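Visitor: I'd like to ask some things about the structure below.
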Amino acid sequence: MKRFEDLVKTVKSFAKDYHNFLDDFLTKQGMECMANTKRRTPVDTGRLRNAWKVSGPFRKGDDRYVVIHNNVEYASFVEDG
């Protein structure tokens, strides 16, 4: 019985570590994507380029994700060209 309890503890530990690993991975990927997006953003005053942000990671059911966003009012016009 002791071995089974140890196994359960080990599996729970792996699950927790996996979720932490996944959150770290998503954050790093989001930051890399934001850096690439910033680099490709046209510059006039620099306001648009400097307004990029990464939020998250978030969980919704079994899904995990990060959001890359820009709140400058004319960002959608530059993106859509």
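Visitor: Taking the criterion of being touching a strand residue (DSSP E or B) at 6+ places or on another chain (Cβ under 7 Å), modelled with pLDDT of 90 or more and of a type in the set (Asp, Glu), would at least one residue in region 66-73 satisfy it?
Guide: no
Visitor: So which of VAL54, VAL72 ends up being open to solvent by less than 90 Å² (accessible area, probe 1.4 Å), part of a loop (DSSP other than H, G, I, E, B) and in contact with a helix residue (DSSP H, G or I) (Cβ under 8 Å, 6 or more places away or on another chain)?
Guide: Just a single option satisfies the conditions, and that option is VAL72.
Visitor: Could you tell me which numbered condition LEU22 fails, if it satisfies all but one of (1) of a type outside the set (Ser, Thr, Tyr); (2) more than 22 Å from PHE77 (Cα to Cα); (3) open to solvent by 60 Å² or more (accessible area, probe 1.4 Å)?
Guide: (3)
Visitor: Determine, yes or no, whether THR10 is out of contact with any Asp or Glu (no Cβ under 8 Å at 6 or more places or on another chain), surrounded by 13 or more Cβ atoms within 10 Å (Cβ to Cβ) and among the β-branched types (Val, Ile, Thr).
Guide: Answer is no for this residue.
The values are calculated or read from the model by the stated rules, or taken from the named source; none is laboratory data. Because the structure is predicted, anything quoted here is derived from the model rather than measured. Don't worry about glycine lacking a Cβ; one is built from the backbone with ideal geometry, like all the others, and counts go over all protein chains shown. Side chains are part of the model used for accessible areas, which takes the heavy atoms of the whole protein and leaves out ligands, DNA and RNA. Shrake-Rupley method; radii C 1.70, N 1.55, O 1.52, S 1.80 Å.
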